[in-house]
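Engineer: Sharing a structure with you now.
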Amino acid sequence: MKVSFLNGGFFDRLETLSLHLRRELTGYYGGKHPIRQYGQTIEFADYRNYELGDDIRRIDWNLYARLRKYFLKLYTDERQMHVRIFLDCSASMGIDPQKADYALGFAAALGFLAVQNNDKVSFHFLKNGIAVDPFGLIVGKNAFFGAVGEFERITFGGEADFAENIPKIPDEGTNDGLSALISDFLNENDWQKALDYLVFKKRQTLVCQILGGEDLRPSYSGRLELVDSEGYGPGDARNLNLRVGRPMLDRYGQEIAAYIQEIGGICASKGAAFLSAGTDLPIERALFGGLTRCGLIV
């Protein structure tokens, strides 16, 4: 699948941004996320009284010369986080090529913001009832662009089951970074259970809903058979035979708006960030505006 958003200009526009976490991390050393604990960076934070056994190399001798008391210089600590991106690659996401490209663009943008911040990133593609991790742990821009170069090979099909697959991801760390769920959330799978699991693991969570033009404003009318793209074809119990007219389309518009609001309310109640974007909105505006409103980029 050709990914139209992934080009040099797209990533150049992300260069000035960085991911921001709202909570403390217990991840690895060597990142760029400051925490309230003191560590070994070069950025001064505070003083404290010298105690027996402290490293005398950290004594501020200039302060001793003025006050005749020993004080240690304290420096900020910074941690590296792990950004895990879970992308719905089900049939409903792939039936509209623009929606599929848009979702892959969102995933790539989050991954780029991670690696340019010296963070680790992993991509998990959910389809056909399983989660696929083709690239493993990615560290650094060279490895990242090597992975993104393979995005055009990503295929879509079957169903995506967040609740079943996310708890099975090896080394799903606790309080060590960000997890992003990217989907249209137009399925019967209980994604809320996956969100509950991530909240339990104390991971900051971002829920990204990507909707195509037909998801928001269906263009068809008349007597139709609507076939579930993730079902079993003609004869599936989830298919519908109905007559579509203006009143039904108006009601659908109200229902989809209410559903988007419902997802936002669920996320807010669990402390997760939420953004919903339609593919008619330029992806840069969706990313910059949505992530800024969520407080996830600075």
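The values are calculated or read from the model by the stated rules, or taken from the named source; none is laboratory data. Given the structure is predicted, the values throughout are model-derived calculations rather than measurements. All Cβ positions, glycine included, derive from the backbone under ideal geometry; neighbour counts span all protein chains shown.
Engineer: Which one of these is in a helix (DSSP H, G or I), of a type outside the set (Phe, Trp, Tyr) and more than 13 Å from residue 178 (Cβ to Cβ): 107, 103, 131, 114?
Structural biologist: 103
Engineer: Next up: Could you run through the range 118-157 and say how many residues are in contact (Cβ under 8 Å) with a residue 40 or more places away in the chain, within 25 Å of residue 96 (Cβ to Cβ) and buried (at least 17 other Cβ atoms within 10 Å of the Cβ)?
Structural biologist: So the answer is 7.
Engineer: So which of 195, 186 ends up being of a type outside the set (Phe, Trp, Tyr) and assigned to a helix (DSSP H, G or I)?
Structural biologist: Sole residue among the options that is of a type outside the set (Phe, Trp, Tyr) and assigned to a helix (DSSP H, G or I): 195.
Engineer: Just to be sure, is residue 142 among the polar types (S, T, N, Q) and touching a strand residue (DSSP E or B) at 6+ places or on another chain (Cβ under 9 Å)?
Structural biologist: no
Engineer: Has the range 210-218 got at least one residue that is within 17 Å of the chain's Cα centre (by Cα), surrounded by fewer than 21 Cβ atoms within 10 Å (Cβ to Cβ) and at pLDDT below 90?
Structural biologist: no
Engineer: List pairs: first in the range 184-200 and touching a residue at least 12 places away in the same chain (Cβ under 8 Å), second aromatic (Phe, Trp, Tyr) and assigned to a loop (DSSP other than H, G, I, E, B), Cβ under 7 Å, 6+ apart or cross-chain?
Structural biologist: 191/185
Engineer: On to the next question. Kindly check whether there is at least one residue in the range 114-122 that is among the charged types (D, E, K, R) and at pLDDT 90 or above.
Structural biologist: Taking every residue of the range 114-122 in turn, none turns out to be among the charged types (D, E, K, R) and at pLDDT 90 or above.
Engineer: Find all pairs meeting these conditions: Cβ atoms under 6 angstrom apart; at least six residues apart or on different chains; first residue within the range 250-274 and assigned by TED's automatic domain parsing to the domain that holds residue 181; second residue of a type in the set (Val, Ile, Thr) and surrounded by 11 or more Cβ atoms within 10 Å (Cβ to Cβ).
Structural biologist: 267/207; 270/199; 272/205; 272/207; 274/207
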